[in-house]
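Contents: one structure, followed by commentary.
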Amino acid sequence: MIPTIRRPELVRSVVESVLADPATVQVVVVVDGVDAATSAALAPIAAADDRLLVTATGAGGPALERGQRAREHGVRLATGKVVLALDDDVVPTGRLVSGHADWHAGADDLVVQGYMPVLGDRRRLSGPARLYARGYERTCARFTADPSHVLRSLWGGNVSACRDNWLAALDRPAAGGAYHGDLELGLRFGQAGLRAIFDPRLRADHWYTRSLGQLVDDARGSAVGQLQLHEAYPAIVDHPRRAVPATRAAAALAIVTRPAASWAVARTALQGLSRAASGLHLDRIEDRLVRALWRLSFERAVHQEGSRR
């Protein structure tokens, strides 16, 4: 099951790879909005292989929701016993579907988390991609050390569960984790009594293409989602400021940039400096600037959302 929007070439690669796996019985692609290019790219495949179902929601979800409702819609449309959810920029390597199916063959109560190493430009990853990749690899290290972390930090894009269990989890009350819909799904799986494993052999390459501006918006979404889930699961999910503790310098700068005008100036300046460092291949400097942008956006959102509650 693959939610997608405006990535026709990437999602086509994902679909072709999944259909090539002999364990695949159905592929559901949910176009999260109006996207004629994606529908056109997948039409020839659907005409040649009746295992592919392409449907559309008609209108995209909220900006911070990032396709979660589209994914839930796809799970409800799926007909197989096991559902493997893939992001539209996560391209399987090898027989990914078969690997997930093997785990579920002997365990109906299992959630299987696969591995999604970050790829990008052939020469080097962008600054945003490097920041994202480091966070992802740290999470995978926790998964490897203790599989119980999987459901407390679920990272969607390459995850499977029995469809009945998935539907049962979706029927539980939702806190509205927004950007962190994956994390909320993991918590709901846990409430349903499921257990999880992380298998790095189940690999799908993540072609990360988020821009610097999009990364800054993602930081805001992360803060909002973390705060919502902390309120719903205070014993499990840390408050955003505890989850991402700030240095004194970062905290002070976040206060200075709380006014919209100050933030606009700081954001423009830091983005310009980051792009300049990228052009000069000054990766360490670029990484610090990107991290500073992410931190400031995150802190501003925590302050704004917290003051409204």
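We did not get these values from a lab; they are worked out from the coordinates using the rules stated. Predicted model, so just to flag it, every value in this text is computed and none were measured. Don't worry about glycine lacking a Cβ; one is built from the backbone with ideal geometry, like all the others, and counts go over all protein chains shown.
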0 to 90° range, to nearest 10: angle between helix 212-232 axis and the chain longest Cα axis = 80 degrees
At 222 nm, what helix-only mean residue ellipticity would the chain give, in deg cm²/dmol to the nearest 500, using -39500 (n - 2.57) for each DSSP H run of four or more?
-> -17000 deg cm²/dmol
Which ³J(HN,Hα) values, rounded to whole Hz and listed in residue order, are derived for the stretch 129-136 from phi using the Karplus coefficients 6.51, -1.76 and 1.60 in 6.51 cos²θ - 1.76 cosθ + 1.60 with θ = phi - 60°, glycine and proline given as x?
-> 5, 5, 4, 4, 4, 5, x, 5
Most mobile of Gln271, Gln113, Gln226 in a GNM of the chain (Cα contacts under 10 Å) = Gln271
Over 17 Å [Cα-Cα, the stretch 2-100], rounded percent = 46 percent
Among Leu170, Ser153, Ser126, whose Cα sits farthest toward the positive end of the charge dipole of the stretch 113-173 (+1 at Cβ of Lys/Arg, -1 at Cβ of Asp/Glu, about the Cα centre)?
-> Ser126
In nm, the gap between the two label points placed 7 Å beyond Cα toward Cβ at Ser98 and Leu77 is 2.8 nm
√(5λ) per eigenvalue of the Cα gyration tensor, the chain, largest first, Å = 33, 23, 18
Counting DSSP beta bridges with both ends in the stretch 62-209, the antiparallel % (nearest 5) | 60 percent
Most mobile listed residue (Gly33, Gly181, Gly193) in the chain, GNM with C-alpha springs under 10 Å | Gly193
What is the chain's relative contact order, in percent, from Cα pairs under 8 angstrom and six or more apart in sequence?
-> 18 percent
Which three semi-axes in whole Å describe the equivalent ellipsoid of the stretch 212-308, each the square root of 5 times a Cα gyration tensor eigenvalue, listed largest first?
-> 26, 14, 11
Taking the Cα centre of the chain as origin and charging only Cβ (+1 Lys, Arg; -1 Asp, Glu), how large is the dipole, in debye to the nearest 20?
-> 1240 debye
Determine the gain in length on full extension of the stretch Thr55-Asp238; use 0.36 nm per residue of separation and subtract their C-alpha separation, reporting nm with one decimal.
-> 62.2 nm
Placing +1 on each Lys and Arg Cβ and -1 on each Asp and Glu Cβ in the chain, then taking the dipole about the Cα centre, the residue among Pro259, Leu215, Val90 whose Cα reaches farthest towards the positive end is Pro259
Relative to the present Cα-Cα distance, how much length would full extension add between Ala46 and Ala23 at 0.36 nm per residue of separation?
-> 6.5 nm
Dipole check, the stretch 2-207, charges on Cβ (K,R +1; D,E -1), about Cα centroid: among Thr38, Val112, Leu53 the Cα furthest to the positive pole belongs to Val112
The helix 68-77 Cα axis meets the longest alpha-carbon principal axis of the chain at an angle in degrees, between 0 and 90 and rounded to 10, of 10 degrees
Going by how many other beta carbons lie within 10 Å of each one, how would you line up Asp109, Asp50, Asp146, fewest first?
-> Asp50, Asp146, Asp109
Using a simple charge model, +1 on the beta-carbon of Lys and Arg, -1 on the beta-carbon of Asp and Glu, nothing else, what dipole does the stretch 4-158 show about its Cα centre, in debye to the nearest 20?
-> 580 debye
For q = 0.09, 0.19, 0.20, 0.22 Å⁻¹, what log10 I(q)/I(0) does the stretch 116-255 give under the Debye formula with an equal point scatterer on each alpha carbon and no solvent?
-> -0.31, -1.31, -1.40, -1.53
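Taking every DSSP beta bridge that has both residues in the chain, what percent is antiparallel when rounded to the nearest 5?
On the way: 11 of 26 bridges.
Of all bridge pairs located within the chain, approximately 40 percent are antiparallel.
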